[in-house]
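Here is the structure we will look at, set down as structure tokens.
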Amino acid sequence: MFKKTFAVAGGLAAAVLAFSPLAQAGPLSSITFNVTGWNAVTPGSNINSPNQQAVAGNPIRMLSNLFVTGTAVGLPNWYVSGSTANTFGNFVGGNGAGNGTTNAFNFHNGASFNTVLSTSSFGSATLLQMTFTLANNDTMGTIVHDDGISIWNANNTSELVNSAGPTTAIGTAFNLSAGTYNLYYVEANGAPSELSFQNVTEAPEPGALALFGAGLLGCALFIGRRRRMSRSS
């Protein structure tokens, strides 16, 4: 009898988890990034130049340098190796690294998927702004990037994550609460180029924990009732 009761209780617990928001915590496979990109020739620049930094105040962020707008669905896994043409198309969808996401882009000022993101010796650079919204508190993970990144609040008044300078591929940790954010990514000094999210998880919301607790309480009461019935029979 106990085995049967335990099996039924286990099934109830599984059902609670299956329909609870707690069970949905994990990689944000359906998140939408609103992407805006600027590309400019930057002769005479170096690693410390303002136009090579992944920040809201980068001076190439102007209408005349706008080259792409659109959306990317799913966490980016974007990469261009040093032996592949360092184009926007190869970065977001080609080179075997498009992550299977749905991307919809519009191009401006004569640009296209063949737009080169950057060239060596800091001769040209691209700045991407990627606006996204998180529904849950404590979304955390690591962004692997080559080159710089930063994360700001929605109106660019507060910088929350700063790894803005050109670099080799490194991982930068983030932990964000619910809200809307701007991620800035700069591609400088030629390929390789990389922007990928790894080990991204969401902490459960208090309501999910309450629902999960209620489910466990219900299971405990059910087990207790079955035990009393078995003793009285």
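The values are calculated or read from the model by the stated rules, or taken from the named source; none is laboratory data. Small disclaimer: the values here were computed from a predicted structure and weren't measured. With ideal geometry, Cβ positions are generated from the backbone for all residues, glycine too; neighbour counts draw on all protein chains shown.
Criterion applied to G110, G82 was being in contact (Cβ under 8 Å) with a residue 12 or more places away in the chain and either surrounded by fewer than 19 Cβ atoms within 10 Å (Cβ to Cβ) or closer than 16 Å to S196 by Cα (or both), and the one residue passing it is G82. For T87, the criteria (1) crowded, with 21+ Cβ neighbours inside 10 Å; (2) over 22 Å from T32 (Cβ atoms); (3) not charged (D, E, K, R) hold in every case but one, which is (1). Could you check, for region 129-148, whether at least one of its residues is assigned to a loop (DSSP other than H, G, I, E, B), without any contact (Cβ under 8 Å) to a residue 60 or more places away in the chain and within 18 Å of V41 (Cα to Cα)? No.
If you go through region 50-66 one residue at a time, do you hit one that is in a strand (DSSP E or B) and modelled with pLDDT of 95 or more? Before the answer, list the steps.
Pass one, region 50-66, residues in a strand (DSSP E or B): 66.
Then keep just the ones that are modelled with pLDDT of 95 or more; that gives 66.
Within region 50-66, one or more residues are in a strand (DSSP E or B) and modelled with pLDDT of 95 or more.
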